[in-house]
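Read the structure below first, then the notes.
The values are calculated or read from the model by the stated rules, or taken from the named source; none is laboratory data. Please read all numbers here as calculations on a predicted model, not as lab measurements. Because the Cβ atoms are built from the backbone with ideal geometry, glycine has one as well, and the counts that use them run over all protein chains shown. Just the protein is used for accessible areas: all its heavy atoms, side chains included, with ligands, DNA and RNA removed. Shrake-Rupley method; radii C 1.70, N 1.55, O 1.52, S 1.80 Å.
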Amino acid sequence: MSPRLEPLPPAPDLKDLFAPFEKSLGCIPNSALIMQRKPKLARAFTALTAAVWDPQGEVDRGLKRLIAHVASRTHGCHY
């Protein structure tokens, strides 16, 4: 299933938002490239992602990755 909106090339003024994705995933997810149409939304999503993956959190990072994987696969994500 393809996205309803095409991902845009990374905007230079949002490069700071995309760096963590590239570092941890090796790529920038299409969702982030689509959200950059609304920079406030992209920044809020990035802040939420950082909070979820905070290494000081109570839930083990491995369990978080497992939950993310199962949730993504359940909803048809192929990342």
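Does the stretch 5-22 contain at least one residue that is without any contact (Cβ under 8 Å) to a residue 24 or more places away in the chain and on the phi > 0 side of the Ramachandran plot?
Among the residues of the stretch 5-22, not one is without any contact (Cβ under 8 Å) to a residue 24 or more places away in the chain and on the phi > 0 side of the Ramachandran plot, which makes the answer no.
Between residues in the stretch 52-79 that are farther than 17 Å from residue 32 by Cα and residues that are open to solvent by less than 70 Å² (accessible area, probe 1.4 Å) and among the basic types (Lys, Arg), which pairs lie under 9 Å by C-beta distance while being six or more apart or on different chains?
57/64
So, in the stretch 40-59, exactly how many residues are open to solvent by less than 100 Å² (accessible area, probe 1.4 Å) and either in contact with an Asp or Glu (Cβ under 8 Å, 6 or more places away or on another chain) or farther than 19 Å from residue 20 by Cα (or both)?
Counting residues in the stretch 40-59 that are open to solvent by less than 100 Å² (accessible area, probe 1.4 Å) and either in contact with an Asp or Glu (Cβ under 8 Å, 6 or more places away or on another chain) or farther than 19 Å from residue 20 by Cα (or both) gives 1.
A quick yes/no check of all residues on (1) over 18 Å from residue 6 (Cβ atoms); (2) under 12 Å from the mean Cα position of the chain (by Cα); (3) in a helix (DSSP H, G or I):
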residue	(1), (2), (3)
20	yes, yes, yes
23	yes, yes, yes
34	no, yes, yes
44	yes, yes, yes
54	yes, no, no
57	yes, no, no
